[in-house]
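Here is the structure we will look at, set down as structure tokens.
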Amino acid sequence: MTKTASTAAPGTPTSASPAGSPAPNSASSAASSAAGSASQYSAGRSTVVADDVYPQYGDAATDVLHYGLDLKWDPDAKQLTGTAALTIRAARATDRFVLDLAANMSTDAVKVDGAAATPQRSGEHLTVPLGKQLPADVIVTVVIAYHGTPQPVRPPMTRGDIQGLGALVTAGGAVWAQQEPYGAFTWFPCNDQPSDKALYDVSITAPDGWAGVTGGTFQGRTEAGGAGVYRWHQPDPVATYLVAFAVDKFQQDSATGPHGLPITYWYLPSQAALVHQRTAKVPEMISFLEQRFGPYPFPTAGVLFRPERVGMETQTMITLDPGLPEDDLLHEFAHQWFGDAVTPSTWSGLWLNEGFAMYAQFMWDVAHPPARSSAVTLDEFMTSHVLPADQPMRTQDGPPGHFLPTHFASSNVYYCPALMLHGIHDALGDEAYYRLLTDWVHQHQGTNQDRNAFIAFVKAETGKDYSAYINAWLDSPTTPTIKPDGSGAARA
Ligand SMILES: [Zn+2]
């Protein structure tokens, strides 16, 4: 998620084409694809744990391997009709799966391995009885037909730019989603916590003139009775909070990034000029990140532009207000490495996302100073601009390693861990620091990780024990004085 603002820089426009393109071949429905062999979804296997900040969402017995979502959006009725086929591994022995689904979304039918089941609804939980005790690791398919008008839920935040989480319906009949730390359950039944990553196949049906967008590879648009069906395949595991979703009157551009990376942009025609300014810099941004953190970690990239104020690192399809400063887009691309490829196991690890993306953003800012301002070194920038902000943030929002749960994504989880990383960068030098982060991402791609794993990895990779330093920066209520080598610690 974006944090800060700085000066934007203009770029050059690119060519545009109308939304949609012919499908290369006719695909079966996304939901029915769940009927295939469960082994093809083994990459969706996760080590599921209860969340330590928002345990009211998610079920540690449920490991969704794959979501097959067939969604239909009616802009006039503002109604979403969906069939969700979840291929679920029992993460431990259980006689039920407890999924998250907004109370206002009505379930029309539920089947477990083809047999009708009667779910229990309680608040935002949908409990699917399995009719028997299922041993751990057994895989079943749960198909849920549902419909309703999505309603956002209140964010556990104090920042003023995010009013609601989940799918948001506009006055004009469009729908789009932002859902960190939770809220995907407002538009599909899911295990809505970061530790359960899964694969996705999604089809979105919308009237002619409308386009349905999510993450992954766009497989094309087909016509079906006056409507368009947009099919998407996500080949890498994704946490629920990172699933992009929008249906609007989008135009589509296709572009090519570094080493032939396919990129798609989806935007409203009224924002075309601004969008083309932003997208002109995208190949340079990806190259900037690749030079430091290794190859872009996914087979496709994209940006879904929204007129609302949003900057979210939805995996392979960033959701962004094109009016945000240029470096906010760099920030969301940095998250593709930090947060998307490697995802925190629980929300207390949010610093693993935001600290790394913010520090990459600061690097970009220093390398691209605004016109008429004098250049500063990264160290000068961190010392003069970022460090003075550390203490007030800790006081207001808590230490970054255990932020106040009602202050999700406040400045503390951005700036304070960026300062911690700057200390490691300074101690190791460019080459070893970039190798450390490149290996962190590429050796853990597709998984969830936590603080202990990061500390152990730093020690294994560098031969240096920075545990006291890292823990102090994550836990201290005051700005630490400790250096990475352990010197300089304040006496208690
Ligand atoms: Zn962010």
- Query: Given the structure, is I139 open to solvent by 60 Å² or more (accessible area, probe 1.4 Å), among the aliphatic types (A, V, I, L, M), in contact (Cβ under 8 Å) with a residue 60 or more places away in the chain and closer than 30 Å to A90 by Cα?
  - Reply: yes
- Query: What number of residues within region 304-318 are open to solvent by less than 10 Å² (accessible area, probe 1.4 Å) and away from the ligand (no atom under 15 Å from the Cβ)?
  - Reply: 5
- Result of the Cβ filter at 8 Å on region 352-375, keeping first residues that are farther than 22 Å from S287 by Cβ and within 14 Å of the ligand (Cβ to nearest atom) and partners that are assigned to a loop (DSSP other than H, G, I, E, B) and open to solvent by 30 Å² or more (accessible area, probe 1.4 Å), at least 6 apart or interchain, is L352/D450; E354/K3
- Task: Tell me which of these K483 doesn't satisfy, since it passes every other one: (1) farther than 18 Å from P194 by Cβ; (2) part of a helix (DSSP H, G or I); (3) open to solvent by 30 Å² or more (accessible area, probe 1.4 Å).
- Result: (2)
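Per-residue answers, yes or no, for (1) out of contact with any helix residue (DSSP H, G or I) (no Cβ under 7 Å at 6 or more places or on another chain); (2) aromatic (F, W, Y); (3) closer than 26 Å to P194 by Cα:
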position	(1), (2), (3)
L428	no, no, no
A432	no, no, no
L437	no, no, yes
W440	no, yes, yes
Q443	yes, no, yes
V458	no, no, yes
W473	no, yes, yes
T478	no, no, no
- Message: Need a quick list: strands (runs of 3 or more DSSP E) entirely within region 74-180 having at least 3 residues that are in contact with a Phe, Trp or Tyr (Cβ under 7 Å, 6 or more places away or on another chain).
- Response: 79-90, 106-112, 166-169, 175-178
- Item | Boolean, Y200 is modelled with pLDDT of 95 or more, assigned to a strand (DSSP E or B) and under 24 Å from D63 (Cβ atoms) | yes
- Query: Any idea which of (1) over 14 Å from the mean Cα position of the chain (by Cα); (2) outside any strand (DSSP E or B) is the one S195 doesn't satisfy?
  - Reply: (1)
- Task: Working only within region 248-303, note down all residues that are surrounded by fewer than 20 Cβ atoms within 10 Å (Cβ to Cβ), within 18 Å of E326 (Cβ to Cβ) and among the hydroxyl-bearing types (S, T, Y).
- Result: S287
- Can you tell me which residues in region 331-350 are away from the ligand (no atom under 11 Å from the Cβ) and of a type in the set (A, V, I, L, M, F, W, C)? W337, A341, V342, W347
- Query: How about region 225-283: which strands (runs of 3 or more DSSP E) wholly inside it have at least 3 residues that are outside the structural domain of M317 (by TED's automatic domain parsing) and under 18 Å from Q315 (Cβ atoms)?
  - Reply: 227-238
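The values are calculated or read from the model by the stated rules, or taken from the named source; none is laboratory data. Owing to the predicted nature of the structure, the values given are computational and were not obtained by experimental measurement. Please note: Cβ atoms are built from the backbone with ideal geometry, for glycine as well, and neighbour counts cover all protein chains shown. Only protein heavy atoms, including side chains, enter the accessible area calculation; ligands, DNA and RNA are left aside. Shrake-Rupley method; radii C 1.70, N 1.55, O 1.52, S 1.80 Å.
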